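So the structure is just underneath, and the comments pick up after that.
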Amino acid sequence: MPPFGLLHMRAWVSLFNQLLRPSGLVCIREVHFHSQVSEAVLTSQLKPHQEKSNFIIKTPKGTRDLSPQQMVVREKILDMVVGCFKRHGAKRLDTPAFELKEMLTEKYGEDSGLIYDLKDQGGELLSLRYDLTVPFARYLAMNKVKKMKRYQVGKVWRRESPTIVQGRYREFCQCDFDIAGQFDPMIPDAECLKIMCEILSGLQLGDFLIKVNDRRILDGLLAVCGVPESKFHAICSSIDKLDKISWNDVRHEMVAKKGLAPEVADRIGDYVQCHGGVSLVEEMFQDSRLSQNKQALEGLGDLKLLFEYLTLFGIAEKICFDLSLARGLDYYTGVIYEAVLLQTPAQAEESFNTSGQKIRTTETQVFVATPQKNFLHERLKLISELWDAGIKAELLYKNNPKLLTQLHYCEHMGIPLAVIIGEQELKEGVIKLRSVASREEVAIKRENLVAEIQKTLSES
């Protein structure tokens, strides 16, 4: 089993970082609000550098900005993913963005070279976290926690050559769901696979398949094929590349770069190109080589039990026993799994798209407008009243905006309601409530405005 009985499921989705205080309170003194960002100031700061060294304004290699429209989609994805985690009883956890370098490099094997090291600032050698799993294992050990079902969402960093077309970045976000502890075999693993199916089905990305294997089967396979135990991790790392490069290329790496005998590599190839369902598990039980290896038989026995539980969960047809699945990291010691889409990324993106539907980038419910000049004070008093009532509201930051400009803004931003106050409304003690979509207006007594807005929003 993985360290501390760690059972791992990872949904690779993006999300933005949220700064949370340990007490759960927002610390306002640490948040910087900018009412205006002057383009002139930015330009003046950058121009000297541009003249001296052809400075280019760009994101660092392997990173990206996300537009407000993209963030709306990301938040919808995250809400669905986290909702699934909560439905399965997970608690939320957060860990630092960096850890002690020694702890990280000990767990990642060959991939340790992809860790971002930080400059020594205070007597500790630190590195940015490579994933969320090792920090979780550290948390369990440090706090002597024996059982925990947790989820975590956060950014991780990998110092590798980014291939943006394939969606590989140097900075990206992971959503992790883990069950730590000692339990009867395969029950937690079956739940993790069920969660993967629920999330991928909910995202409606199209058909998918979840590949499963067991590192005990893989290690047993390597042993019976004649791989020295000292080379197990290195050869697993090569096998893990089979989803990116051909078997011939993997074989070349094993022989030419890692010193494996050609006939040993060929025996490995006979196995790692096999995939199927529970029938393949049965077939491997009868294999003359694997059946002689105790470790492999234990792994096959657990996979057979796993498929039994997956059938009860109704997801067995989505699961494939794939002997090429290796996972290169050293901390994988038991069942491993990985989901793949059965279509191209472009097709998946098209199926997830909103079919041209306009995406709202704010949740503003009400816009405060006026048709007359010198009504800024009344607008400010009115919008404060709405904010205090918990209503999401906006206004234009101008003393005397034109009414048409204000209404166009409502339509452009998809704001459903507008409240309009002018001389006549002020005199009569009323406010006009306007439906932006239908352009219908009704006059409401000022003291009833909040209740009327709340009623209208609840009915829409």
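We did not get these values from a lab; they are worked out from the coordinates using the rules stated. Keep in mind that what you see is a predicted model, and the values were worked out from it rather than measured. Here the Cβ is made from the backbone with ideal geometry for all residues, glycine too, and neighbour counts use every protein chain on show.
Okay, here's what the table says:
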item	result
Contour minus Cα-Cα distance for Glu229 and Lys294 (0.36 nm per residue)	21.9 nm
Candidate lysines - alpha carbon under 21 Å from Lys58, same-chain residues fewer than 8 apart omitted	Lys47, Lys155
For the range 66-165, the fraction of alpha-carbon pairs in successive 10 Å shells from zero, as %	13, 34, 34, 18, 1
Partner aspartates and glutamates for Lys61 [C-alpha distance under 19 Å; skip if fewer than 8 residues away on the same chain]	Asp117, Glu160, Glu171
Rounded FRET efficiency, nearest 0.05, which uses the C-beta distance separating His412 from Arg446 and R0 of 35 Å	0.80
Cα-projected label distance for Lys119 with Ile56, points at 7 Å along beta-carbon direction, nm	2.5
Filter on Lys119/Lys241; Lys147/Lys241; Lys149/Lys211; Lys432/Lys455; Lys258/Lys318; Lys373/Lys427 - keep pairs with C-alpha separation over 26 Å	Lys119/Lys241; Lys147/Lys241; Lys258/Lys318
Partners for Lys86 among aspartates and glutamates (Cα-Cα distance below 14 Å; same-chain residues under 8 apart left out)	Asp176, Asp178, Glu191, Glu198
Cβ crowding within 10 Å averaged over residues, with 305-313, 332-340, 90-98 ranked highest first	332-340, 305-313, 90-98
Dimensions in Å of the range 180-331 - Rg and Dmax from alpha carbons	16.0, 46
If the convex hull is drawn through the Cα atoms of the range 127-179, its volume per residue in Å³	75
